[in-house]
Amino acid sequence: AKRYVTGAGWGSTALIETNSTGDAWNPKIAMDSAGNAIAVWYQYDGTKYNVWANYYIIGTGWGTAELVVTDTGTSSPQVAMDSNGNAIVVWHQNDGINYSIYAKRYVTGAGWGYTALIETNSTGDAWNPKIAMDSAGNAIAVWYQFDGTRYNIWANSYTVGAGWGTAELIETNDAGDAFFPKIAMDSAGNAIAVWYQSDGTRTNIWANRYAVGTGWGTAELIETDNAGDAGAQQVAINNSGNAITVWSQYDGTRTNIWANRYAVGTGWGTAELIETDNAGDAVAPQVVMDSSSKAVAVWEEAWDIWANRLE
């Protein structure tokens, strides 16, 4: 890991795990409003993969890597953190029959709590959870899961003081498989999830919004270009609840980067092509949004890194 400080720049590179029994993979990180952070990853112990974590504290630095989860088939941890430094990590894990979704909460000053199974649908494997958290520590996890016929998108909500709720199907389009949901949440707990889903011919980008006090709405198709497959979707949201999603989409010749914007009170706009350089395929977009709803997207194209800014 390496830390950037405004006015001082980048510090020294730090090795934050020292377990030499096996390879470590796929680090993810989250930060609170004060600058404290937590990193998670999965690591081989010679027999199986486990989930590990390390905590960064302002004024102290990185601590000692801690084994968070040890079980068969543990993989793909993701983490989110609230304004007070509390965090939740989610992952998929083999229970001996299926891959299921689990979660574990970290409380500042108390450490890690118990492991919670947050989905109980045993019809098929559940994979690749993502999680987002509001400033108070409420959270939503999303994942894709096989129902015996197709893959669907599911979600579960964590409420401070109450714990996890019941897993909920958030898309009901039976035309084809839905995969790889991403989620972003504002400071009040409203959230938007995006994913790609086949219509039987091509993959399209879909979204659903979670509103505090109301719950999930109806899944909505947010791009209508049928030239080719769309995927690699990402989403960002600001504290006002406005959001933007970006994705890559094939036009019959090459892959381009597209975006669509969600405005509170108005809903989704019209999908827009945000790159016009035809040197090669544009892939792997990422996006961030500020408090005034300006956004920056970055992507890879022809071995170069490109960006565009929404004013």
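The values are calculated or read from the model by the stated rules, or taken from the named source; none is laboratory data. Treat the numbers as computed from the prediction; the structure is a model and nothing was measured. So basically every Cβ, Gly included, is an ideal-geometry build from the backbone, and we count neighbours across all protein chains shown. For accessibility, only protein heavy atoms count, side chains too; no ligands or nucleic acids. Shrake-Rupley method; radii C 1.70, N 1.55, O 1.52, S 1.80 Å.
Where strands (runs of 3 or more DSSP E) fall entirely within segment 1-72, those with at least 2 residues that are in contact with a strand residue (DSSP E or B) (Cβ under 8 Å, 6 or more places away or on another chain) and among the β-branched types (Val, Ile, Thr) are at 37-44, 66-70. Number of residues in segment 73-92 that are open to solvent by less than 70 Å² (accessible area, probe 1.4 Å) and not in a strand (DSSP E or B): the value is 6.
Do we have any residue at all in segment 191-211 that's in contact (Cβ under 8 Å) with a residue 40 or more places away in the chain, of a type in the set (Phe, Trp, Tyr) and more than 30 Å from ASN278 (Cβ to Cβ)? Within segment 191-211 (the criterion being in contact (Cβ under 8 Å) with a residue 40 or more places away in the chain, of a type in the set (Phe, Trp, Tyr) and more than 30 Å from ASN278 (Cβ to Cβ)), the answer is yes, since at least one residue qualifies. Looking across segment 68-106, the residues that are farther than 21 Å from ALA167 by Cβ and modelled with pLDDT under 90 come down to THR70, THR72. Residues that are closer than 30 Å to GLY200 by Cα number at least 2 in the following strands (runs of 3 or more DSSP E) confined to segment 99-161: 99-107, 126-133, 139-146, 151-159. Taken residue by residue, segment 5-17 has no member that is surrounded by 12 or more Cβ atoms within 10 Å (Cβ to Cβ) and within 15 Å of VAL90 (Cα to Cα).
Condition check ((1) of a type outside the set (Val, Ile, Thr); (2) closer than 25 Å to ASN239 by Cα) across all residues:
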{"residue": "ALA155", "(1), (2)": "yes, yes"}
{"residue": "TRP164", "(1), (2)": "yes, yes"}
{"residue": "ASP177", "(1), (2)": "yes, no"}
{"residue": "PHE180", "(1), (2)": "yes, yes"}
{"residue": "SER187", "(1), (2)": "yes, yes"}
{"residue": "ALA193", "(1), (2)": "yes, yes"}
{"residue": "THR201", "(1), (2)": "no, no"}
{"residue": "TRP206", "(1), (2)": "yes, yes"}
{"residue": "VAL212", "(1), (2)": "no, yes"}
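Among the residues of segment 136-169, just one is in contact (Cβ under 8 Å) with a residue 40 or more places away in the chain, closer than 25 Å to GLY35 by Cβ and open to solvent by 50 Å² or more (accessible area, probe 1.4 Å), namely ALA136. Among the residues of segment 138-175, just one is among the charged types (D, E, K, R) and under 16 Å from LEU117 (Cβ atoms), namely GLU168.
Does SER33 meet the test of being touching a residue at least 40 places away in the same chain (Cβ under 8 Å) and among the polar types (S, T, N, Q)? Yes, satisfied. Residues in segment 298-311 that are open to solvent by less than 80 Å² (accessible area, probe 1.4 Å) and either more than 19 Å from ARG254 (Cα to Cα) or of a type in the set (Asp, Glu) (or both): GLU300, GLU301, LEU310. Would it be correct to say that TYR106 is open to solvent by less than 40 Å² (accessible area, probe 1.4 Å), in contact (Cβ under 8 Å) with a residue 60 or more places away in the chain and over 21 Å from ASN208 (Cα atoms)? So TYR106 fits the description; yes. Just a yes or no: is a residue in segment 20-39 in contact with an Asp or Glu (Cβ under 9 Å, 6 or more places away or on another chain), small (Gly, Ala, Ser), within 22 Å of SER135 (Cα to Cα) and open to solvent by 80 Å² or more (accessible area, probe 1.4 Å)? Yes; the residues of segment 20-39 include at least one that is in contact with an Asp or Glu (Cβ under 9 Å, 6 or more places away or on another chain), small (Gly, Ala, Ser), within 22 Å of SER135 (Cα to Cα) and open to solvent by 80 Å² or more (accessible area, probe 1.4 Å). Could we say that ASN26 is in contact with a Ser or Thr (Cβ under 9 Å, 6 or more places away or on another chain) and at positive phi here? Judged against the criteria, ASN26 is a match. For ASN239, all conditions in the list (1) touching a strand residue (DSSP E or B) at 6+ places or on another chain (Cβ under 8 Å); (2) more than 22 Å from GLU171 (Cα to Cα); (3) not hydrophobic (A, V, I, L, M, F, W, C) hold save one; what is the number of the exception? With respect to (1) touching a strand residue (DSSP E or B) at 6+ places or on another chain (Cβ under 8 Å); (2) more than 22 Å from GLU171 (Cα to Cα); (3) not hydrophobic (A, V, I, L, M, F, W, C), ASN239 is out only on (1). Name the single residue, out of those in segment 266-289 being of a type outside the set (A, V, I, L, M, F, W, C) and open to solvent by 60 Å² or more (accessible area, probe 1.4 Å), that is modelled with the lowest pLDDT. Ranking the candidates gives ASN278 first.
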